[in-house]
Every structure is written in structure tokens, then in C-alpha cells.
Amino acid sequence: MRVPRLPMVLCLVALPLACSPDGTAPLPPQAFAAVSGGFLYTCAVLGEGSGVCWGDNGVGQVGNGIVSTIEPSPRSVSGPLLFTQIDAGDRQTCGLIPSGAAYCWGLSAEGALGSDTSTRSPVPIPVSGGLTFKQISAGWDYTCGVTTAGAAYCWGANDNGKLGSGTVNAPTPVPVTGGHAFQTITTGQYHTCAIATNGSAYCWGAGRGGELGTGDSVDVPTPALVAGGLHFKTMDAAWGHTCGITTTGAAYCWGGGVDGELGNGSRDFRYVPVAVSGNHIFSAIAVGLHHSCALATSGQLFCWGSNATAQLGGAAGETCANAPTPYPCSSTPILVTGDHLFLSVSAGAFHTCAIARGGGAFCWGGNDSGQIGNGATGGSVATPVEVHEPPIPTPYLALLCSAPPFRLRRPRVLRDDHALRQRASTQRRLAAEIRFLAMLAEIEP
């Protein structure tokens, strides 16, 4: 149904454009600000804070209010919440709103949603405890977060001591022992790692494959210092390996590397951090089930490890045979195909996604559950493809439908050059907003 033009346009004029994560340029409301790859699905935060997810939705992890088999294109997370971060896990998703409150949705296996009153939810529900978080990470069947005071809390399954609390499974947040102050935390399948405020790395949980980086292969139920004395600015953990970027921009990995996922030119286990080959300077790193990717400061993206589902995004020159059927792999970083320059990267189990400069989201790799987000399912996507345009953000729809029209007033005369330039800039910005949202609403500006 066509909406009367004047009230619609007046409402559109009132809508602001959000800024990019680094604050350098405005982002349209539908632009992607951040992306997170889960096991067989993907989630993202849009420019104005709305959440969207796509892919496997068998237990409601997409968060759009229903449980369905597959959602191959972005679907809005239900409710009016705006997010500063969303992290996709195995089958649960968690996010933070500007106040620092945490919400989760999907499957609450062993308490992974952080609410002891729900075992599954296709819409966001608040995490119990009233804690204020600055970062959150959704793992295999558990979740962890760091509060604004630097304290780490975890909840869900406690296999191999991955909650770091020395307790059994916890349906609500429990503090990680040790009294450390952390910057960030990352969750894998059976192990957890975090960066302390001084840059030191700690890991706990399963250590049989060297994924804790402590120099041995034993499980540790409380935080243990990663060997080597390195100082990290970011880390990511997955099934059996861990990677991090030091404060100087060097990449290190440790744990299982049979598919080359450590990136050091070998395919074996390493129990302490080893340097990734290539001498690149990196700003971000992401770890999947059997692959790793890192973002260079130039904006180029490099990946290594298994390429069985094309998750590396380029041609892998080695062959791995850790299964009945050999598959391509690379034990050193290869450049992701295409001329894209990226701002961030995230790895799912068998796929990879990244945000390009300008706000577009691109994914590649396995697509059996529609986790690439291009509207298709099945097979693999060998090179980066753009994720389908997400729906109009819920807060904007609310404004379009409910905001009353207002009276236009004759603008006052602006006589000095600065004021004229300021008015011209404002007019250009508002015109861009009108064109953008009018196009989405299929009306003429």
C-alpha cells in the first residue's frame, strides 16, 4: 500500500544516519558495522545498531521469533533492541546493548543463554545477574563475557573446566577464578582464552591438543598463563586451536595444526605460540573449525588451514588427507581473492565473513545452511560474495509508520559563508537520507 507522500518524507527527514565503527564516515542504517560467524549461521550488527542473522535456524539462533530450518538471507532479530556487539556461537547467539546488558537467544544447552528459566528462545532474553558487560563471546554450548570492571564471567556447560570457575555447569553467570582483570575473552568448543589488561594471555579448559598454549597437553580448570611472554591485543579460539595478534601486529597460533591452521608452514601440534609465516602486520584475526584468517593493516585479508569448503577464499596449494577424501589446504597464509579491502573479519565453522570498507558484508566457504547470506543454499562459495541487503531496521520502520508529520517553517536567512556551507551540508545529508529510505519504501522522493 502506498503511503501518502508528504507525511512519509517529513518523517524521513527526521531520521539520522549512523556513523561507522571508527567514526570516520556516516553509515546508512542498513550498512553492516560488524559480523560474526557461528557454527552454521552468521549474525551482524547494522549501522544504527539493529541485529540481523542468517543461516541455520533450527533452534531459533537467528532470533527472528520463529524456529525454521534455514534462513538464507538476513533476517531482523526480533524486538526493539539496538546492539553494540553480537556474537554467534554454536547454536546460541548473544549480544550487548549500549547499557552493557547482555541478551542471548537460541538453544540454552546446559544454560548457554544465561537464564535458568529458559531452555530455548527464538527471541533475545536477558542474561541473569544484572551484570554490565563490555564484551561477550558465545562458544560451543557456553558463553563468557567481560564486565566493565574487567571481571570475567561464564555460563553454560563446563566440559573440561572451560567456565574457569571450578564449578559444574552453570545456568547463570559465574565468575572466573583468579582475580584477573581482563580486556577481552574468547570461547572455543572446550577451551577459553582471555587477554589481561597488561596484554598477557590466559587460557583454561581442554588442553590435550595444545590449544591452551601452556607448553603441555593437560586440562586446566582455571586461567593459566600462555607461554612465551607475548603481549596480545586480540585473540580468537575455536575447536582445537587458538590464534592472537600481538601489540606489534604479529600473528601467533597454537594447538592442533593438522590442516595447517597454525599458519607456520607445518601441519602438526604446537603447545606454545608459533609465529604465522609471512611477516605481515595484522590488526585482527579469526579462527574457524580448521582454518584461520587475519586482516592486514593494509585492509588485505589472508587465510590458512583447511580449504575443504573453500573457506580460505583463494587457491590453496597443498593437499591434506586427514579424512578418506583428500582436500586442499594451506599451511601458510594465502591472499583472499578479489580486490576488496576489509575492516574486520570473522570465521564460522566452515565459512568466513568480512566487512568491507564502505559497510558491505562479504562471505565465502560452506553454504549448506545458507550461512553465506546470498539467498542460496548448498555447496560452497569459492570467493567473496556480497551478503543480501538486510531488511529495513525495526526502529526505522517504527518511525516510518508512527511518527506524526510536522510543520515546515520558512528557514531563516543565512548571510555568512560558514552558515551557508553548514546549511548546504545539512541539506545534502538529509537529501541522501530521503533518497536512501525512499528507495527502500518504494516511494518517490
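The values are calculated or read from the model by the stated rules, or taken from the named source; none is laboratory data. Not measured: the values here are computed from a predicted model. Note that each Cβ is placed from the backbone with ideal geometry, even for glycine, and that neighbours are counted across all protein chains shown.
Remarks
- Test: Gly161 is surrounded by fewer than 21 Cβ atoms within 10 Å (Cβ to Cβ) and touching a residue at least 12 places away in the same chain (Cβ under 8 Å): yes
- Among the residues of segment 145-178, those identified as of a type in the set (A, V, I, L, M), over 15 Å from Leu113 (Cα atoms) and in a loop (DSSP other than H, G, I, E, B) are Ala149, Ala151, Val168, Val176.
- Among the residues making up segment 323-340, a single one is more than 16 Å from Arg267 (Cα to Cα), hydroxyl-bearing (Ser, Thr, Tyr) and without any contact (Cβ under 8 Å) to a residue 40 or more places away in the chain: Thr325.
- Subset of segment 87-103 (residues that are within 17 Å of Ile66 (Cβ to Cβ) and not basic (Lys, Arg)): Gln92, Thr93
- For segment 138-179, a residue qualifies if it is in contact with a helix residue (DSSP H, G or I) (Cβ under 6 Å, 6 or more places away or on another chain) and among the acidic types (Asp, Glu), and exactly one does: Asp141.
- Residue count, segment 283-322 (criterion: of a type in the set (Ser, Thr, Tyr), touching a residue at least 24 places away in the same chain (Cβ under 8 Å) and in a strand (DSSP E or B)): 3
- Taking each residue of segment 189-208 that is on the phi > 0 side of the Ramachandran plot and looking for partners that are among the β-branched types (Val, Ile, Thr) and assigned to a loop (DSSP other than H, G, I, E, B) with beta-carbon atoms closer than 7 Å, six or more apart or interchain, yields Gly199/Thr247.
- Wholly within segment 333-445, strands (runs of 3 or more DSSP E) carrying at least 3 residues that are modelled with pLDDT of 85 or more and either over 30 Å from Val274 (Cβ atoms) or of a type in the set (Gly, Ala, Ser) (or both): 342-347, 361-366, 380-386
- Tyr271 being assigned to a strand (DSSP E or B), among the hydroxyl-bearing types (Ser, Thr, Tyr), modelled with pLDDT of 95 or more and within 22 Å of the chain's Cα centre (by Cα): no
- Qualifying residue in segment 184-194 (condition: over 22 Å from Thr42 (Cα atoms), part of a loop (DSSP other than H, G, I, E, B), modelled with pLDDT of 95 or more and out of contact with any Leu (no Cβ under 6 Å at 6 or more places or on another chain)): no
- The listed residues are Thr248, Thr214, Thr242, Thr222, and the only one of them that is within 22 Å of the chain's Cα centre (by Cα) and either modelled with pLDDT under 95 or not hydrophobic (A, V, I, L, M, F, W, C) (or both) turns out to be Thr242.
- Flag not set for Ala170, criterion: under 19 Å from Tyr153 (Cα atoms), in contact (Cβ under 8 Å) with a residue 60 or more places away in the chain and in contact with a Leu (Cβ under 7 Å, 6 or more places away or on another chain).
- Only one of the listed residues (Leu12, Leu6, Leu17, Leu96) is modelled with pLDDT of 90 or more and out of contact with any Cys (no Cβ under 9 Å at 6 or more places or on another chain). That residue is Leu96.
- Taken residue by residue, segment 39-50 has at least one member that is farther than 20 Å from Pro173 by Cβ, of a type in the set (S, T, N, Q) and either at pLDDT below 95 or within 13 Å of the chain's Cα centre (by Cα) (or both).
- Being buried (at least 18 other Cβ atoms within 10 Å of the Cβ) and on the phi > 0 side of the Ramachandran plot is a property that Gly260 has.
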